[in-house]
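Comments concern the structure below.
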Amino acid sequence: MARIILIGEAPGKNWKPSDVPLLGRIGKRLAILMGTNEYNYRWHTRRENLLQRWPGPARGNGSAWNAKLAARAAARMERKGILGMPDSIVILLGRRVARAFRFHESPWFKEWPQANGATIVVAPHPSGASRWWNDPRNWNEACRFWRGIYARATE
């Protein structure tokens with residue numbers, strides 16, 4: 001049985017210190033993609049944010065992003081061993097998180113086996129803000145990936 005570890009960008013604008021990462025709207029979307037309910041999604045995943053605070057507004061839409069701060073946060077997570085947990089599937093959510101962990105041009109859903117038995121995967125951020133989610137074929141590809149990951153975690 002594999003362990004799913006999700007690493008997102010940062011808490012949302014309306015985040016409270018008591019909030020758990022990657023729940024709410026994004027958690028619901030991930031549960032749907034996995035073909036399960038929110039309870040099982042919470043039970044079978046460990047959820048982390050790369051940054052501990054919302055980075056503030058960007059010019060235009062979205063949030064600001066400090067790549068240097070994100071890279072330092074990724075290095076701290078690596079030192080703590082989050083990418084090195086045996087029998088885990090670490091999913092980096094979005095290109096910004098992937099770049100912070102030095103997976104610069106990794107294609108979506110490609111698995112990168114690690115020496116310790118862990119696997120790292122880069123997936124599109126589930127917020128839906130990316131144009132990638134607008135194509136129904138991509139939604140189907142994402143469902144196949146997430147359902148396969150969930151099956152590996154629950155076998």
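One line per residue, one yes/no per condition, for (1) over 21 Å from Gly12 (Cβ atoms); (2) at pLDDT 85 or above; (3) loosely packed, with under 13 Cβ neighbours inside 10 Å:
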site: Thr36; (1), (2), (3): yes, yes, no
site: Leu51; (1), (2), (3): no, yes, no
site: Ser63; (1), (2), (3): no, no, no
site: Ala67; (1), (2), (3): no, yes, yes
site: Met85; (1), (2), (3): yes, no, no
site: Leu93; (1), (2), (3): no, yes, no
site: Pro107; (1), (2), (3): yes, yes, yes
site: Asn140; (1), (2), (3): yes, yes, yes
site: Arg144; (1), (2), (3): yes, yes, yes
Could you check the stretch 112-129 and list, in sequence order, the residues that are more than 17 Å from Ile32 (Cβ to Cβ) and of a type in the set (S, T, N, Q)? Gln114, Asn116, Thr119
Taking the stretch 1-30 and keeping residues under 13 Å from the mean Cα position of the chain (by Cα) and either among the charged types (D, E, K, R) or modelled with pLDDT of 90 or more (or both) leaves Ile4, Ile5, Leu6, Ile7, Gly8, Glu9, Gly27, Arg29, Leu30
Restricting to the stretch 82-133, count the residues that are charged (D, E, K, R) and closer than 16 Å to Glu48 by Cβ. 1
I need the helices (runs of 4 or more DSSP H) fully contained in the stretch 36-155, keeping only those with at least 1 residues that are of a type in the set (Ser, Thr, Tyr). 38-44, 136-154
Scan of the stretch 68-121 for residues that are in contact with an Asp or Glu (Cβ under 7 Å, 6 or more places away or on another chain) and hydroxyl-bearing (Ser, Thr, Tyr), ordered by number: Thr119
Pairing a residue in the stretch 45-56 that is on the phi > 0 side of the Ramachandran plot with any residue that is assigned to a strand (DSSP E or B) and surrounded by 16 or more Cβ atoms within 10 Å (Cβ to Cβ), where Cβ atoms lie under 7 Å and the two sit 6 or more apart in sequence or on different chains, gives Gly56/Ser63
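The values are calculated or read from the model by the stated rules, or taken from the named source; none is laboratory data. Only a predicted model underlies this, so the values are computations on that prediction, with no experimental measurement involved. Heads up, the Cβs are rebuilt from the backbone with ideal geometry, glycines too, and the neighbour counts pull from every protein chain shown.
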